[in-house]
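The structure appears below as structure tokens.
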Amino acid sequence: MTIKQNKILDAALDLFTNEGYASTPTSRIAKQAGVSEGLIFRHFNNKQGLLNALTKEAEKRLGELLAPILMETHPKKVIRKVIKMPFKLKDRRDKAFWKLQFILKWQPEYNKPNRMKPLIDKLTVTFKELKYREAKKEALLLNHIIENITIEILKGDIEQEETFRDFLLRKYKV
């Protein structure tokens with residue numbers, strides 16, 4: 001991707017996240033990116049093309065985020081990596097990017113309920129190996145906990161992140 005394409009995507013990400021997709025005209029994206037509106041159309045066809053490019057990047061980033069967890073063979077390390085995952089969101093662009101993905105979960109055309117299935121399956125196997133009686137329910141519970149922690153981090157509503165992370169690590173004895 002070119003520098004200008006990245007500027008366009010960064011502007012779209014910022015505006016879609018903070019002002020909403022429907023409320024953001026391509027002219028505003030172009031102005032914030034410092035490019036002509038025609039350049040947006042040339043590279044992305046339309047506003048929908050911008051959103052599609054951001055969601056495609058989300059799939060790639062999610063795969064990269066989950067790969068070390070899915071490849072892990074030691075059960076306690078799997079749980080540890082899952083718990084630590086949301087606490088790695090530090091920079092502003094990363095937070096904006098994931099915030100947009102959570103916003104899109106409420107849009108039927110972008111919601112992919114099976115997106116986290118590989119992680120839930122891995123956690124289910126992990127909890128079975130650790131002799132949890134209801135491994136599938138435990139996997140779903142931990143996934144929901146992590147998802148909600150991520151939301152709180154993205155909203156900026158969680159205080160003392162490290163203390164909370166350490167609590168979960170102790171709770172699961174990992």
Legend entry - Single residue of 128, 155 found to be modelled with pLDDT of 95 or more and of a type outside the set (A, V, I, L, M, F, W, C): 128
Inset, instruction - Under 9 Å between Cβ atoms, at least 6 apart or on separate chains: pull out the pairs that start in segment 157-174 with a residue that is in the same structural domain as residue 143 (by TED's automatic domain parsing) and end on any residue that is aromatic (Phe, Trp, Tyr) and in a helix (DSSP H, G or I). - result: 158/164; 161/87; 162/87; 164/87; 165/87
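In this structure, does residue 106 turn out to be within 17 Å of the chain's Cα centre (by Cα) and not in a helix (DSSP H, G or I)? Before you say what the answer is, go through the steps one by one.
Numbers: within 17 Å of the chain's Cα centre (by Cα): yes; not in a helix (DSSP H, G or I): yes.
In short, yes.
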Inset, instruction - Among what's in segment 115-134 and is aliphatic (A, V, I, L, M) and part of a helix (DSSP H, G or I), pick the residue that is nearest to the chain's Cα centre (by Cα). - result: 119
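Does residue 56 satisfy the criteria of being charged (D, E, K, R) and either closer than 21 Å to residue 156 by Cα or surrounded by fewer than 12 Cβ atoms within 10 Å (Cβ to Cβ) (or both)? Show your work before the answer.
On the way: charged (D, E, K, R): yes; either closer than 21 Å to residue 156 by Cα or surrounded by fewer than 12 Cβ atoms within 10 Å (Cβ to Cβ) (or both): yes.
Yes: the conditions hold for residue 56.
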Inset, instruction - Report yes if some residue within segment 144-162 is surrounded by 14 or more Cβ atoms within 10 Å (Cβ to Cβ) and in a loop (DSSP other than H, G, I, E, B); otherwise report no. - result: yes
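Okay, residues lined up against (1) among the hydrophobic types (A, V, I, L, M, F, W, C); (2) in contact with a Ser or Thr (Cβ under 6 Å, 6 or more places away or on another chain); (3) surrounded by 18 or more Cβ atoms within 10 Å (Cβ to Cβ); (4) outside any helix (DSSP H, G or I):
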site	(1), (2), (3), (4)
10	no, no, no, no
13	yes, no, yes, no
41	yes, no, no, no
62	yes, no, no, no
67	yes, no, no, no
77	no, no, no, no
Inset, instruction - Report yes if some residue within segment 136-152 is modelled with pLDDT of 95 or more, within 22 Å of the chain's Cα centre (by Cα) and among the polar types (S, T, N, Q); otherwise report no. - result: yes
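Does residue 53 satisfy being part of a helix (DSSP H, G or I), modelled with pLDDT of 95 or more and closer than 17 Å to residue 111 by Cα?
Numbers: part of a helix (DSSP H, G or I): yes; modelled with pLDDT of 95 or more: yes; closer than 17 Å to residue 111 by Cα: yes.
Spelling it out, residue 53 is indeed part of a helix (DSSP H, G or I), modelled with pLDDT of 95 or more and closer than 17 Å to residue 111 by Cα.
If I go through segment 18-37 residue by residue, how many of them are of a type outside the set (Lys, Arg), farther than 16 Å from residue 48 by Cβ and at pLDDT 95 or above?
Here is the first cut: in segment 18-37, the ones of a type outside the set (Lys, Arg) are 18-27, 29-30, 32-37.
Imposing the further condition that a residue be farther than 16 Å from residue 48 by Cβ reduces the set to 18-19, 32-36.
This time we only want the ones that are at pLDDT 95 or above, so: 32-36.
Final tally of qualifying residues: 5.
So if I check each of 137, 99, 112, which one is assigned to a helix (DSSP H, G or I), of a type outside the set (Val, Ile, Thr) and free of Cβ contacts under 8 Å to residues at least 40 places away in the same chain?
Numbers: 99 fails: free of Cβ contacts under 8 Å to residues at least 40 places away in the same chain; 112 fails: assigned to a helix (DSSP H, G or I).
When all the criteria are applied, what remains is 137.
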Legend entry - Where residue 81 falls short, out of the listed (1) among the basic types (Lys, Arg); (2) farther than 18 Å from residue 161 by Cβ; (3) surrounded by 14 or more Cβ atoms within 10 Å (Cβ to Cβ): (2)
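The values are calculated or read from the model by the stated rules, or taken from the named source; none is laboratory data. Bear in mind that the values here come from a model prediction, so they are computed numbers and not experimental data. All Cβ positions, glycine included, derive from the backbone under ideal geometry; neighbour counts span all protein chains shown.
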